[in-house]
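Only one structure is covered here, and it is reproduced in the block below.
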Amino acid sequence: KSGSCDFDDIPVALIKTVAQEISPVLAHIANMMFEMGNYPDILKKAKIKAIFEKGNEKEMANYMHVKQ
């Protein structure tokens, strides 16, 4: 899936190409967010997929919710 995108619409292939160059900058930004406790709204979102575990398939309690 190297051509797929997530919330930000940046192709994974591009991120892999520039990973070495942008890693220090992204690490600094992440560390600042952790230190300040201030997170952008986009980082508070997730795609959730319900995966059936066992029991009655019509009961939501029988599903595991996994962030994609």
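The values are calculated or read from the model by the stated rules, or taken from the named source; none is laboratory data. Computed from a prediction, not measured in an experiment: that's the story for all the values here. When we count neighbours, we look across all protein chains shown, and the Cβ atoms used for this are built from the backbone with ideal geometry, even at glycine.
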*Sort out which residues of the range 27-66 are under 22 Å from residue 9 (Cα atoms) and β-branched (Val, Ile, Thr), and write them in order of number.*
29, 42, 48, 66
_All but one of (1) at pLDDT below 95; (2) over 23 Å from residue 68 (Cβ atoms); (3) surrounded by 10 or more Cβ atoms within 10 Å (Cβ to Cβ) hold for residue 26; state the number of the condition that does not hold._
(2)
